[in-house]
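Contents: one structure, followed by commentary.
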Amino acid sequence: DAEEYQPPIWKSYLYQLQQEAPRPKRIICPREVENRPKYYGREFHGIISREQADEILAGVEGAYILRESQRQPGCYTLALRFGNQTLNYRLFYDGKHFVGEKRFESIHDLVTDGLITLYIETKASEYISKMTTNPIYEHIGYATLLREKVSRRLSRTKNESRKASVTSEENNPVEKITSLVRRAALTQNDNHFNYEKAHNFKVHTFRGPHWCEYCANFMWGLIAQGVRCSDCGLNVHKQCSKYVPNDCQPDLKRIKRVYCCDLTTLVKAHNTQRPMVVDSCIREIEARGLKSEGLYRVSGFTEHIEDVKMAFDRDGDKADISATLYPDINIIAGALKLYFRDLPIPVITYDTYSKFIEAAKISNPDERLEAIHEVLMLLPAAHYETLRYLMIHLKKVTLHEKENFMNAENLGIVFGPTLMRPPEDSTLATLNDMRYQKLIVQILIENEDVLF
């Protein structure tokens, strides 16, 4: 409960330092400068030397001017007074101003952010270097005590109706707390498939003060203060992101589609063993299509396959793919193949691709089988489970070969390029590897009971 939950002590030292950082002071040039770039203001002083810039800025902490280099005309420099010395930075503009990775709408914002960073790194360099050593992440998101508290909340609400949980969503204490606690709550779900997944961190600009959910320290700066996981919403410093475990619990609200979504991300977001597309399509095909001639080889209408894709993207596991809407089973088979083709990382991952190809080249059947089994063990758990389930299904397809004319070799030809793609986008590599791709899938189907 929110009453039981003890929030982390957010560490305000770096926030206080940001408040103390020098404020930027623009030193205006007293004369009109010819040929001043249109994207610079009156702080531009034209072609002057470092020494002249130092004299102009002397004694005024946070003061800054822009100048054109004497040695390299057409190159511009930000001269900034900090720590009783003048610092010179090569300045660039591409629609925004920058001296490093961060890009700013105005020179004033660039200088403000620079002064904050310089001040904090000067005053707290030792503190910053140690701020990842005692993270709250280990004690909050997954601590035993918190797990007990969250599981008590879950056990109390487990039998409540869906309607009640929807109406109380706005008051849900877990939603009000941090994403750490949301993920802790998810781990308590008995049906949660705890596949390992790395966070998908992207540089992020936070509006208003934000604290790192790994180390509990303030995320300083004006823009791009840290990174946010686009799958689960975890907010951390860039340097802290290197220490966060591969325990991302994607939030369904952030997953906009089913197709073209990373496989592990999708199953964790939907809390399923396998992508629901795979389960739904295979269930439908096994119910009414195993004896269909040319199953998986015969194409369904592209427009109808796209309709099925849109239905899954829109409705998830509630998508209607019944015979009433799609009497041609080849449409459902086509939608399943399209799902595998659209994966950003194939079911047989780029990391394991070359190992599978090398295993396929082994001439001794027993050694080849052993090698393939070893490589299967390297697949991420969600990929392994999806491949296992698909191979069990394709084995069932081959049992009806007399009716559907699809044996393991034929299915290998269809599914080889669908399930595995070379890491480099090389047509030559794809052509050279096609027979081995076919062979791998054929062996997986024929030996699914041994290999999985």
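Filter the stretch 418-435 down to residues that are assigned to a helix (DSSP H, G or I) and buried (at least 18 other Cβ atoms within 10 Å of the Cβ), then give me how many there are. Selection size over the stretch 418-435: 3.
Of the listed requirements (1) within 30 Å of H237 (Cα to Cα); (2) surrounded by 13 or more Cβ atoms within 10 Å (Cβ to Cβ), Q19 misses just one: (2).
When V397 is tested against (1) closer than 30 Å to A198 by Cα; (2) modelled with pLDDT of 95 or more, only condition (1) is not met.
Checking each residue in the stretch 320-346 for being open to solvent by 70 Å² or more (accessible area, probe 1.4 Å) and part of a helix (DSSP H, G or I) picks out only R341.
For residues in the stretch 189-227 being closer than 21 Å to I136 by Cβ and touching a Leu at 6+ places or on another chain (Cβ under 7 Å), which is modelled with the lowest pLDDT? Across the stretch 189-227, the extreme among qualifying residues is E213.
Hey, any hits in the stretch 217-236 for a residue that's part of a loop (DSSP other than H, G, I, E, B), farther than 30 Å from H108 by Cα and open to solvent by 30 Å² or more (accessible area, probe 1.4 Å)? No, the conditions are met nowhere in the stretch 217-236.
Test each condition in (1) farther than 19 Å from L338 by Cα; (2) open to solvent by less than 10 Å² (accessible area, probe 1.4 Å) for L378 and report the one that comes out false. Unmet for L378, out of (1) farther than 19 Å from L338 by Cα; (2) open to solvent by less than 10 Å² (accessible area, probe 1.4 Å): (2). Every condition in (1) without any contact (Cβ under 8 Å) to a residue 12 or more places away in the chain; (2) part of a helix (DSSP H, G or I); (3) farther than 21 Å from V414 by Cβ holds for D317 except the one numbered (1).
When you check P73 against the structure, is it open to solvent by 40 Å² or more (accessible area, probe 1.4 Å) and in contact (Cβ under 8 Å) with a residue 12 or more places away in the chain, yes or no?
yes
Out of all the residues in the stretch 256-267, is one or more open to solvent by less than 40 Å² (accessible area, probe 1.4 Å), more than 26 Å from K395 (Cα to Cα) and part of a helix (DSSP H, G or I)? So far as the stretch 256-267 goes, yes, one or more of its residues are open to solvent by less than 40 Å² (accessible area, probe 1.4 Å), more than 26 Å from K395 (Cα to Cα) and part of a helix (DSSP H, G or I).
Could you tell me which residue of the stretch 347-364 is farthest from T418 (Cα to Cα), considering only residues that are over 24 Å from the mean Cα position of the chain (by Cα), not in a helix (DSSP H, G or I) and not aliphatic (A, V, I, L, M)? The qualifying residue farthest from T418 (Cα to Cα) is N364.
Report, by residue number, each residue of the stretch 57-70 that is open to solvent by 40 Å² or more (accessible area, probe 1.4 Å) and at pLDDT below 95.
A58, G59, V60, Q70
Of the residues making up the stretch 292-312, those that are part of a helix (DSSP H, G or I), under 12 Å from L338 (Cβ atoms) and open to solvent by less than 50 Å² (accessible area, probe 1.4 Å) are I305, V308, K309, F312. Kindly evaluate I107 against the criterion of being without any contact (Cβ under 8 Å) to a residue 40 or more places away in the chain and aliphatic (A, V, I, L, M). No: the conditions fail for I107.
Scanning the stretch 76-91 for residues that are out of contact with any Pro (no Cβ under 8 Å at 6 or more places or on another chain) and either closer than 16 Å to E34 by Cα or surrounded by 14 or more Cβ atoms within 10 Å (Cβ to Cβ) (or both) yields a total of 10.
Taken together, the criteria exclude L369 from residues that are assigned to a helix (DSSP H, G or I), buried (at least 18 other Cβ atoms within 10 Å of the Cβ), modelled with pLDDT of 95 or more and of a type in the set (A, V, I, L, M, F, W, C). Within the stretch 350-357, the presence of at least one residue that is aliphatic (A, V, I, L, M), at pLDDT 95 or above, open to solvent by less than 20 Å² (accessible area, probe 1.4 Å) and in the same structural domain as F405 (by the TED database) is confirmed.
The values are calculated or read from the model by the stated rules, or taken from the named source; none is laboratory data. The structure presented is a predicted model; accordingly, all values stated were derived computationally and were not measured. Heads up, the Cβs are rebuilt from the backbone with ideal geometry, glycines too, and the neighbour counts pull from every protein chain shown. Surface areas here come from the heavy atoms of the whole protein model, side chains and all, with no ligands, DNA or RNA. Shrake-Rupley method; radii C 1.70, N 1.55, O 1.52, S 1.80 Å.
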